[in-house]
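One structure below.
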Amino acid sequence: MSEAVDDESVRKFVATYLKKKGFKQAENAFQEELNKNTNSSSSPISFNSQLDPDVAKHILSFSQYEEGPAQYQDGYAKLRSWTYSSLDLYRHELLRVLYPVFIHCFMDLVAKGHIQEARTFFNSFREDHEMMHLRDLQKLEGVLSPSHLEEMEFAHSLRQSKVNIKICQYSYELLLQFLHKSQSTTVLGIINEHINFQVSPGQPSSISEDAEAVTLTGSSLDSANQINQKEIHWGLLEDSFEERLEKAGALDSEKAEGESKEGDGDENKKKSSEGAKQGASNKKLKKDKASGATAKTARPEATPVTAVPRVKPELTLPVIPTEVEQSIFEDLRNRVQLSSAALPSVSFYTFINTHNGLNCSSISHDGSMVAGGFSDSSLKVSSYLITSLLCILLSKCLLILKHSSTAALQGENGTTTSSEQVLSNGGKKPYTLFQGHSGPVYSATFNPLGDFILSSSADSTVRLWSTKLNANLVCYKGHNYPVWDVQFSPVGHYFASASHDRTARIWSMDRIQPLRIMAGHLSDVDCVQWHANCNYIATGSSDKTVRLWDVQTGECVRIFIGHRSMVLSLAMSPDGRYMASGDEDGAIMMWDLSTGRCVTPLMGHTSCVWTLDFSGEGSLLASGSADCTVKLWDVTASTKLPRTEENKSGNTSRLRSLRTLPTKSTPVYSLRFSRRNLLFASGVLSKTV
């Protein structure tokens, strides 16, 4: 009887072990052998009759030892100790293995019902991962029973997925040697089941590449890859302002060229009647002009600009008044061309005396109005006449920053300006007060013309206000929880909202019900941004992903995976090809919309990136952070640098940081490039920073 029990135990353990370790071929072969022996004999195969009794006993004792909760604690502790004591050159690569092993040890303990041991294990080693994965740990902290692993989407997706880890060949061999010597089958099983190693020859990768060295795969990544195969049209709208301006510019240049040719002909006829000496000098002058013209025409051919494709709008676009069109064309004609050698002027608005009540700020497209959303459910809008200021700023060749003298920004020459434009609650109320929300206001946005402003609130509503009538026009209801963000489309009339209810919604000003509901994120949708052609919106979420949605069908057409914390800000390039996203850890990622891949992570900020914006021609990216800085990044150089040159130079950050503009104690809430490429920024004076 005892022999039969031992046989059954051995078979059960071997089958379970092979299945757990992911050895599918060995498991299938083992089952086939069992079935074959069972069919050929009336009694099941006896392992003890074929195996040495000591071996069978060792297998059974090993199974009991392996199943014990202490093995998780001991196995992880040994791996941790070995990793931290490894050589500095390889340590950062080996450390990438610790976090997935840690969370799966914890979840396996919970799944087997060892709740108390799981809590002890979790609390013993959580400090190792709090810096990089604090939000994940806070979610897993709520897992108190096996049923929670199935009910919590985050935990369930982790258990169903694998982690891809990039590692060099030597680091991989070191890890294999350790696992072989330590004989920790528990850790080995977790690594086999939940980690895929992408081994590369040569030297270890840089520490700065850690953000893209660990990625999630499995069911979530498979679905993401499938979605990212869908076709998207990232070009600009047909008959857009830029296209019409280009055509008008081409006609003007042709006309000017024709007039210049006629003038040259008349002048040549006049000069041909003069002496031979004068004629010889004219020939020389013509030759010089021709060579100069050839050089001028050859210069653009050396750096060809890829034509941006044109697409048709999927939404019915609003009619823009003629006088407004003329004003926009005037701004575009007078746009300052920015580059790494010609950085923008910056105008900074500072809120003071807010008593920690300011939640958000927004700047109108021309910089003439600034709005602030407050915890007391109010929205305050200040208007400024900035014509003279614009003239002063744009006439300077160096960076000029307008800011309150109590929190001045440093310019390139190390000087500060004292021109004040302070938003204060004292005196004669330099703002217009909008009241109507019944909860804190979390976001505000101006339409392109500046005559309307939207605000979103904890009361789950979005409100439309008129800046001309100073009144609330519409209250949009649909979300069930706080609305974190709201953004007008580039053409106005349509807007998008993002909420705690894990959805984003598209609205039009003339309807109180949403036109589309975008559902798919696993956690809060924290930010939303429109594509330049208005056919797509992007959403950033606390689930660490960014999604791109088709506004016509409402379906997700791209999933961008790579952030390690909640995504707080988004920006679209003017040509619609690239998207930038900023997260809670201070990382910024540049994405190619057509491929769904990350061009490069941008490291530099030390705290939350709250706002991003591209310059008018798309050559620069500006980022504002809670670390009280504005950073300017060179976008043009990043997209032209081949990977081979990057690897040779050893430069891991393809996007070059051009300038860091620090404030003394003002976190940056919002940024806005005007149509003329003046950069506006706003923030609140914080004495606690």
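The values are calculated or read from the model by the stated rules, or taken from the named source; none is laboratory data. Because the structure is a prediction, the values reported are computed rather than measured. We place every Cβ from the backbone using ideal geometry, glycine too, and count neighbours over all the protein chains shown. Side chains are part of the model used for accessible areas, which takes the heavy atoms of the whole protein and leaves out ligands, DNA and RNA. Shrake-Rupley method; radii C 1.70, N 1.55, O 1.52, S 1.80 Å.
Can you tell me which residue in the stretch 462-480 is farthest from Lys380 (Cα to Cα), limited to those that are out of contact with any Lys or Arg (no Cβ under 9 Å at 6 or more places or on another chain) and not in a loop (DSSP other than H, G, I, E, B)? Can you show your working first?
As a first pass, look at the stretch 462-480 and keep what is out of contact with any Lys or Arg (no Cβ under 9 Å at 6 or more places or on another chain): 463-471, 477, 480.
Okay, now just the ones that are also not in a loop (DSSP other than H, G, I, E, B), so 463-466, 471, 477.
Values: Arg463: 14, Leu464: 14, Trp465: 11, Ser466: 13, Ala471: 12, Lys477: 22 Å.
Among those that are out of contact with any Lys or Arg (no Cβ under 9 Å at 6 or more places or on another chain) and not in a loop (DSSP other than H, G, I, E, B), it is Lys477.
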In the set Ile506, Ile517, the lone residue that is open to solvent by 20 Å² or more (accessible area, probe 1.4 Å) and of a type in the set (Val, Ile, Thr) is Ile517
Within the bounds of the stretch 335-348, is there any residue that is touching a Ser or Thr at 6+ places or on another chain (Cβ under 6 Å) and outside any strand (DSSP E or B)? yes
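Residue check: is Glu127 at pLDDT 85 or above and under 21 Å from Leu188 (Cβ atoms)?
Working: at pLDDT 85 or above: yes; under 21 Å from Leu188 (Cβ atoms): no.
Criteria not met by Glu127.
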Just to be sure before I move on: is Glu117 assigned to a helix (DSSP H, G or I), open to solvent by 30 Å² or more (accessible area, probe 1.4 Å) and under 21 Å from Ser81 (Cα atoms) in the structure I sent? yes
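To keep it simple, each residue is scored yes or no on (1) open to solvent by less than 80 Å² (accessible area, probe 1.4 Å); (2) of a type in the set (Gly, Ala, Ser); (3) at pLDDT 80 or above; (4) within 24 Å of Arg597 (Cβ to Cβ).
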{"residue": "Leu140", "(1), (2), (3), (4)": "yes, no, yes, no"}
{"residue": "Ser147", "(1), (2), (3), (4)": "yes, yes, yes, no"}
{"residue": "Leu176", "(1), (2), (3), (4)": "no, no, yes, no"}
{"residue": "Thr186", "(1), (2), (3), (4)": "yes, no, yes, no"}
{"residue": "Phe197", "(1), (2), (3), (4)": "yes, no, yes, yes"}
{"residue": "Val214", "(1), (2), (3), (4)": "yes, no, no, yes"}
{"residue": "Leu221", "(1), (2), (3), (4)": "yes, no, no, yes"}
In the stretch 523-549, anything under 12 Å from His563 (Cα atoms), of a type in the set (Gly, Ala, Ser) and open to solvent by 10 Å² or more (accessible area, probe 1.4 Å) is listed as Ser542
Those residues of the stretch 572-625 that are open to solvent by 30 Å² or more (accessible area, probe 1.4 Å), closer than 17 Å to His531 by Cβ and of a type in the set (Ser, Thr, Tyr) come to a total of 2
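Among the listed residues Cys534, Cys527, which satisfies the condition of being out of contact with any helix residue (DSSP H, G or I) (no Cβ under 7 Å at 6 or more places or on another chain), closer than 30 Å to Glu617 by Cα, assigned by the TED database to the domain that holds Pro448 and part of a loop (DSSP other than H, G, I, E, B)?
Details: Cys527 fails: part of a loop (DSSP other than H, G, I, E, B).
Result of the check over Cys534, Cys527: Cys534.
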Picking from Ser418, Ser424, Ser405, the residue that is touching a Pro at 6+ places or on another chain (Cβ under 8 Å), more than 29 Å from Val491 (Cα to Cα), open to solvent by 10 Å² or more (accessible area, probe 1.4 Å) and at pLDDT below 50 would be Ser424
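Report whether or not Asn651 is more than 30 Å from Asn228 (Cα to Cα) and either at pLDDT 90 or above or not in a helix (DSSP H, G or I) (or both). Break it down stepwise before answering.
Values: more than 30 Å from Asn228 (Cα to Cα): no; either at pLDDT 90 or above or not in a helix (DSSP H, G or I) (or both): yes.
It is false that Asn651 is more than 30 Å from Asn228 (Cα to Cα) and either at pLDDT 90 or above or not in a helix (DSSP H, G or I) (or both).
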A careful count of residues in the stretch 482-502 that are under 18 Å from Leu568 (Cβ atoms) and of a type outside the set (Asp, Glu) gives 11
